[in-house]
Amino acid sequence: MKRSIFNVAWRMCVGIVAASTATGAPHKAAGSAADQNGSEIVIITPRQDNTLFNTTVDRSSGAGDAVFSGRTGVGGGGTVQRAVLSFDVAGNVPPGSTITAASLTLTLVSAGPSGDQTHSLHRLTADWGEGTSVGFGGSGAPATPGDATWSHTFFPDSFWINPGGDFDPAASAAQVVGITPGMTYAWDSTPQLVADVQDMLDDYCGNFGWLVQGNEIDFNTAKKFASKENLTPEWRPVLMVSFERAGSPKPADCNNDGVVDLLDYADFAPCTLGPLGGLDPECKCFDVDFDCNVTLKDFASLQKNFGE
């Protein structure tokens, strides 16, 4: 529903956090926010967002101030649009935590005249990119290197298996979106949405975010939502996550014996030899910066915590 309790309770905090982050980078909420059940809450803005446009040429809007979902009218060529967004959950929620609630909030900038339309969230199953294209209309702009397009995960050399995005056809959550500019809409906690966020934390190398899909059959169903580049900070997308900590494990204590010692040093070395883009389960705890690769940057954390 519009302006849910979970959403409204944190809207003021969202505005403060968004205003302090002009780039839309992920970040933690200041202080120790907690919900009515005592769980902690963190507010995360997108690490990237974009729109896939079903046009005859490769178009995108990686650096645009909005993302789109639905279908344009005849004047816009009847273009089908799908928004994509991803959030750095593992960089904002402590490892091992249990996700108890999640809510994705988008703010409507403008809409086609077709009235209320259902827009659903679908978990993406392939990585994708955000370039420097800036699309002001419903057909986007020419794609730039690294952009996701209808055909590409990363323009111009990498492609979706399925044009229009590789995603789970089952919706994780759904929301009816109207036509009033400035209205916020929350895709609130469903069991699947919570499961998505839990998996984004636990299996962060497979966290590619969500695709927003609207009515792609009828004309004039398109909705324009503020992106992380929007000039109105409080309109930018936010993912609010409620979680319970599992404890405070020491970074790089990968054998969980309570101390970072020579045993951890011995385990670290083979972890630096793994392939890019993936980690053995035994190596994940060394990946302190959550980039899916163990490097000398992570070794610095091992040194810092040695003997503790």
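Values quoted throughout were computed directly from the atomic coordinates according to the rules given, and no laboratory measurement underlies them. The structure presented is a predicted model; accordingly, all values stated were derived computationally and were not measured. Note that we place each Cβ from the backbone using ideal geometry, even for glycine, and neighbour counts take in every protein chain shown.
Quick rundown of the values:
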| read-out | value |
| --- | --- |
| Euclidean distance of C-alpha centroids, the range 132-201 and the range 208-262, integer Å | 13 |
| Kirkwood estimate for the range 137-203, i.e. one over the average of 1/r between Cα atoms, Å | 15.0 |
| Per-peptide average of other Cβ atoms within 10 Å, ordering 86-94, 288-296 highest first | 86-94, 288-296 |
| P(r) weight above 22 Å for the range 46-203, C-alpha pairs, percent | 44 |
| Long-range tail of P(r) for the range 208-308 (Cα pairs > 17 Å, %) | 66 |
